[in-house]
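Below: one structure, written as structure tokens.
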Amino acid sequence: MKAFIILPLLLASAGAMADTPLRSLVYYTTAARQNQPDFSADSMRGQSFALRKWGVSQSLPSCATCHTDRPGEAGRHAITGKPIAALSPAASPKRFSNPAKVEKWFKRNCNEVLGRACTSAEKADFIKFVMEDQAS
Amino acid sequence: MKRLALVLSIFASLPVLADSERTATRLTPQYQAECGSCHVAFPPGLLSKADWQKTMARLDKHFGTDASVDAKTHQAILGYLERNAGSRSAPQAAAEPRITATNWFRKEHREVPGSVWKDARVKTAANCVACHSGAEQGRYGESEIAVPGMQRRHEEN
């Protein structure tokens, strides 16, 4: 019920607040708590998620296939060879700063690599992992 | 005399015009954002209207990846591609039209040695920017071509 109140509030404030990776993290954490009230994002879980080979796509087996296994490192599209800016907001300031873009890429890439949509919990863990790269 | 010079200069520039008109269309920010993330935003003039329609009809299975966009974006991009499509068609038999399979592409790149296509920095013929440094901005002019492995030594690293 709590999440039911918080979510619309978060969405309503989207215009007023600057969109940051933290905002995305809070958004997906809140969504995950609807199913799992004690959920809290975990960067280690995010890391194993990013490195896991899902066995769905041959050319794109894991997130790390294109994004490398370190969020601070620039990647390369495994099929086209096009350079991909590092995922870490510390290395690429624009990362995770546009919620619509974040959703778009989770939708495409999760479909691709996992063969299904990612859960809010998985997204929160992933963002936490990517954000913590600042420290390393 | 002046007129003669003008006529001559127009003739001299004709081959250049014929060549660049296929890549001359302005790449809109939306097209670049939606179709220029995984690969360079290809100039719309490089495929025919029917080719683009075919491509847009199966974005969820776009060369083995899910490149789907929402309905509104889809409509806008399809319109942009249809308006700016060229007359060149990819081979009819292909399920997915490929720019690199058109006769035009093959002819333009006939002088590129086979070793270049296999170079790790090139990886695929669709990786325009590997040699055309202005490709992200839709520029493919001769002056902006630098082929990996064919540069001077000090540029190798």
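Every number here is computed from the coordinates shown, using simple stated rules; none is lab data. As the structure is a computational prediction, the values presented were derived from the model and not from experiment. Here Cβ is always computed from backbone atoms with ideal geometry, including for glycine, and neighbour counts include all displayed protein chains.
Counting Lys +1, Arg +1, Asp -1, Glu -1, what net charge surrounds B:Q137 among other residues with beta carbon under 13 Å of its beta carbon?
0
Listed cross-link partners A:K82/A:K107; A:K101/A:K128; A:K53/A:K94; A:K82/A:K104 are compared with a 22 Å cut-off, the Cα-Cα value being larger for A:K53/A:K94.
Size of region B:18-155 from its Cα atoms: along the principal axes, largest to smallest, the extents are 49, 32, 31 Å.
Placing a pseudo-label 7 Å from each Cα along the Cα-to-Cβ vector at B:D70 and B:N103 gives an inter-label distance of 4.3 nm.
Which order results if B:H39, B:H109 are arranged by neighbouring Cβ count within 10 Å, fewest first? Let's see the in-between values first.
Numbers: B:H39 21, B:H109 13.
With the sparsest Cβ surroundings first, the list reads B:H109, B:H39.
For region B:16-94 and region B:98-125, compute the distance between their C-alpha centroids and round to whole Å. So the separation of the two Cα centres works out to 19 Å.
Cβ-to-Cβ counts within 10 Å put B:I99, B:I145 in ascending order as B:I145, B:I99, the fewest first.
For A:Y28, neighbours were defined as the other residues whose beta-carbon sits under 11 Å from its Cβ, and their charges (Lys and Arg +1, Asp and Glu -1) total +1. Orientation-averaged projection of region A:2-135 equals 8.1 nm² [convex hull of Cα atoms, one quarter of hull surface area].
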